[in-house]
Amino acid sequence: MSSPLISIATPRSAVPSEYVEGPTELKSATLRDIGPLLGLINDYADKGIMLPRTEFEMAENIRDFTVIYAGTRLVACAALHIYSPLAAEIRSLAVDPGWKQHGLGRQLLESLEKDARAFGLRTLFAFTYVDGFFRKLGYEVVDRGELPLKAWKDCLRCPKFQACDEIAMLKTLAP
């Protein structure tokens, strides 16, 4: 029997849903979102597109996450992970495959950028395979050596660490 202090029911992967026209709700994540977040993020991780996350990591960093729901279904998420008083990483940006091309990624990124400005941050960075998406929103490709060393802590546990093919992106925020 698992301890109620350690684990909640968390799916390993999520079954992609089909886009349905209707309202969506963008909000800060709560602990109740951990299961659906793990399902969405780890489905991409299983394909080698994102780093896998654990229940512990999600609980520890839940305040970083913004989510979008369509009814009771989590359809997109992203996190603003602050590294210094001036810089933060956009991480774990994921959209349910059935909901791509409907502006949810842009909506999340714009919301996180608004939060970053409110915190007084000056730069945002991301590691991605979808550089075109970030370019459209004002990010530029940079050498990963320009990013804070602390950001590399996740790289150390990545299976692609020795041959990383992610693209480092950076955006300077206007005041």
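Read the figures in this text as sums done on the coordinates, not as results from a lab. Note that the structure is predicted; figures quoted are calculated from it, not measured. Virtual Cβ from ideal backbone geometry, glycine too; neighbours counted across all protein chains shown.
Residue order for 110, 57, 21, fewest other beta carbons within 10 angstrom first, comes to 21, 110, 57. Take the alpha-carbon centre of the stretch 106-136, take the same for the stretch 19-95, and report the distance between them in whole Å. Value for the Cα centre distance between the two parts: 14 Å. Each semi-axis of the equivalent ellipsoid for the stretch 15-91 is √(5λ) with λ an eigenvalue of the Cα gyration tensor; in descending order they amount to 21, 16, 12 Å. Computed from point charges on the beta carbon alone (+1 for Lys and Arg, -1 for Asp and Glu), the dipole magnitude for the stretch 25-172 about its Cα centre is near 220 Debye. Projecting the Cα atoms of 82, 56, 112 onto the charge dipole of the stretch 49-131, computed from C-beta unit charges around the Cα centre, puts 112 farthest toward the positive end. Taken one residue at a time, the phi angles of the stretch 77-93 give Karplus couplings (6.51, -1.76, 1.60, θ = phi - 60°) of 7, 6, 10, 10, 9, 7, 10, 7, x, 10, 9, 9, 9, 8, 9, 6, 6 Hz. Gly and Pro are set to x. By the Cα gyration tensor, the stretch 25-172 has an equivalent ellipsoid whose semi-axes, rounded to whole angstrom, run 22, 18, 16 from largest to smallest. Extending 7 Å from Cα along the Cβ direction at residue 73 and again at residue 26 yields two label points whose distance is 2.0 nm.
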